[in-house]
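Read through the structure below, which is laid out as structure tokens, and then see the notes.
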Amino acid sequence: MGSFDLILAILALIIVAGAMVYTYRIGRRADTQATGQDSSISEKVQDHYVMKNPVFVAMFIATILILLYIAYAALNTNW
């Protein structure tokens with residue numbers, strides 16, 4: 001894996017990690033704000049707000065795909 005690939009891999013992981021932290025903080029802040037919900041949220045979603053959040057699920061899948069691509073590119077690059 002060349003130095004350019006390594007820099008891109010590190011940059012992609014930093015962006016994904018930063019986005020996950022930012023999204024988590026926004027989600028936690030929403031719990032402390034005044035609620036004006038139309039209907040109640042089920043107990044399962046309240047207990048597992050991270051795993052039931054589609055943003056977190058999408059970012060988790062994107063992280064896995066990025067890591068798989070990095071591994072693929074590293075293994076198929078001619079040194």
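The values are calculated or read from the model by the stated rules, or taken from the named source; none is laboratory data. Everything quoted here is computed from the prediction, not taken from an experiment. Neighbour counts are summed over all protein chains in view; Cβ atoms, including those assigned to glycine, are modelled from backbone coordinates with ideal geometry.
Within this structure, Thr63 passes the test of being of a type in the set (Ser, Thr, Tyr) and at pLDDT 75 or above.
Restricting to segment 57-79, and then to whatever is of a type in the set (Ser, Thr, Tyr) and assigned to a helix (DSSP H, G or I), can you tell me which residue is surrounded by the fewest Cβ atoms within 10 Å (Cβ to Cβ)? Step by step, filter segment 57-79, then rank; the result is Tyr72.
Every condition in (1) surrounded by 10 or more Cβ atoms within 10 Å (Cβ to Cβ); (2) modelled with pLDDT under 75 is met by Gln33 except one, and the failing one is (1).
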